[in-house]
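Asker: Just dropping this structure here.
The values are calculated or read from the model by the stated rules, or taken from the named source; none is laboratory data. Keep in mind it's a predicted model, so treat the numbers as computed, not measured. Cβ placement follows ideal geometry from the backbone for every residue including glycine, while neighbour counts extend to all protein chains displayed. Protein only, heavy atoms only, side chains kept; ligands, DNA and RNA dropped before computing areas. Shrake-Rupley method; radii C 1.70, N 1.55, O 1.52, S 1.80 Å.
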Amino acid sequence: MEGSTIADRDLSAHWNSAFFGTPAQLYGWVCEEGGNRHGTLRGYMTASIRPWTWSAKPQLYLDCIYLQPETRRSGMGRTMFIDGICPRKRMR
């Protein structure tokens, strides 16, 4: 939720393991404006790979997608999703 705060406990070891462990359990993308490492952060998205109920095959599960209010309805979320998760499957 917007304006939420993280509890005082340090979760950095947990997140480090989830994002950078082998195999990774969580994947993340950021949306920034400016096109370089010093751009303005506009949003983020996280996903994990989990077994699909019907076949037990791995499926990508979109955990979270967030864009700042002033960025919403600009097409950035769709672009982030398509370019980040579906780079070989362009949606029209």
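Asker: Which ones in segment 15-33 are outside any strand (DSSP E or B) and open to solvent by less than 60 Å² (accessible area, probe 1.4 Å)? Full working, then the answer.
Answerer: To start, the set of residues in segment 15-33 that are outside any strand (DSSP E or B) comprises 15-26.
Once the filter is applied, which keeps residues that are outside any strand (DSSP E or B) and open to solvent by less than 60 Å² (accessible area, probe 1.4 Å), segment 15-33 yields A18, G21, A24, L26.
Asker: Kindly establish whether I49 is modelled with pLDDT of 85 or more, part of a strand (DSSP E or B), of a type in the set (A, V, I, L, M, F, W, C) and surrounded by 11 or more Cβ atoms within 10 Å (Cβ to Cβ). Lay out the reasoning, then the answer.
Answerer: Working: modelled with pLDDT of 85 or more: no; part of a strand (DSSP E or B): yes; of a type in the set (A, V, I, L, M, F, W, C): yes; surrounded by 11 or more Cβ atoms within 10 Å (Cβ to Cβ): yes.
No, not satisfied.
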